[in-house]
Amino acid sequence: MTATTPTPDVREQLITGGLRLISEAGSADLSVRRLAQAADRTTMCVYTKFGNRKGLVSALYERAAAELLALLDAPGTGLPALAQTYCEFADAHPTNYEFLFTQPMASLDINPSLRANLVNGIVTRFTAAASGPHAADAARAVWSTLHGMTALHSLDTISRPRRIEEIARTIDAITLGLDDIAAVWAEAHRDDVAAHQADFDGRQA
């Protein structure tokens, strides 16, 4: 007996079709009609399964975000590898990247917390891949810098090999810079720290 592949339910068809539409045509016009047509379904299916356009677009955003985070969960060798994976996603899926990060949330008409949750998820993964006493700060700085590099790459101003080198240099510079800032702060406030410690010790005596 030949095994048959289960047919995706209507909800999954709408999500798959919507993501395909975004991949092929971008996210500037995600009307109910276009989203339904992309899945070869009627507009009534959108309202039946998601309530309205906002419900479907929110589901599309959540699925696209989950796919990016899954890529970042793949085994790597620290922050440089994670940063490269992030940039490769932007290269391979420019319209998905735009949908997730640059398309105004007001035009998408979905809850801004969806993008905030994605950013938090990315920073959490970057922090886990970083090292040193300033891992969280380094992670946020590196991820923010990647956005600028991704924008320049989209304009063909930075070649891929050059960008790989710049990612490594940027991570080193940020990490060393944070260490230097911490050292300068510690030196500048050494007397204050000592005074507070002496006061604390006196209270404990």
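The values are calculated or read from the model by the stated rules, or taken from the named source; none is laboratory data. It should be emphasised that the depicted structure is a prediction, and the values quoted were computed from it without experimental measurement. For neighbour counting, all protein chains shown are included, and Cβ atoms are generated from backbone atoms with ideal geometry for every residue, glycine included.
The table that follows gives values for the structure above.
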item	result
Residue within the range 43-66 that is touching a Phe, Trp or Tyr at 6+ places or on another chain (Cβ under 8 Å) and within 30 Å of A135 (Cβ to Cβ) present	yes
The range 7-47, residues that are closer than 23 Å to A92 by Cβ and polar (S, T, N, Q)	T16, S23, S27
In the range 103-118, the residues that are assigned to a helix (DSSP H, G or I) and touching a helix residue (DSSP H, G or I) at 6+ places or on another chain (Cβ under 9 Å)	M105, L108, L114, R115, N117, L118
Residue match in the range 32-53 (condition: more than 28 Å from R169 (Cα to Cα) and touching a Cys at 6+ places or on another chain (Cβ under 8 Å))	yes
Flag if A83 is within 23 Å of the chain's Cα centre (by Cα), surrounded by fewer than 15 Cβ atoms within 10 Å (Cβ to Cβ) and either touching a residue at least 24 places away in the same chain (Cβ under 8 Å) or assigned to a loop (DSSP other than H, G, I, E, B) (or both)	no
Restricting the range 24-80 to residues that are outside any helix (DSSP H, G or I) and without any contact (Cβ under 8 Å) to a residue 24 or more places away in the chain, the residue that is farthest from the chain's Cα centre (by Cα)	T42
Breaking point among (1) under 30 Å from T150 (Cβ atoms); (2) at pLDDT 90 or above; (3) surrounded by fewer than 15 Cβ atoms within 10 Å (Cβ to Cβ), for T77	(2)
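Residues are listed down the side, and each one gets a yes or a no for (1) surrounded by fewer than 18 Cβ atoms within 10 Å (Cβ to Cβ); (2) at pLDDT below 90; (3) under 25 Å from A64 (Cβ atoms):
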residue	(1), (2), (3)
E98	yes, no, yes
N111	yes, no, yes
A129	no, yes, yes
D156	yes, yes, yes
I171	no, yes, no
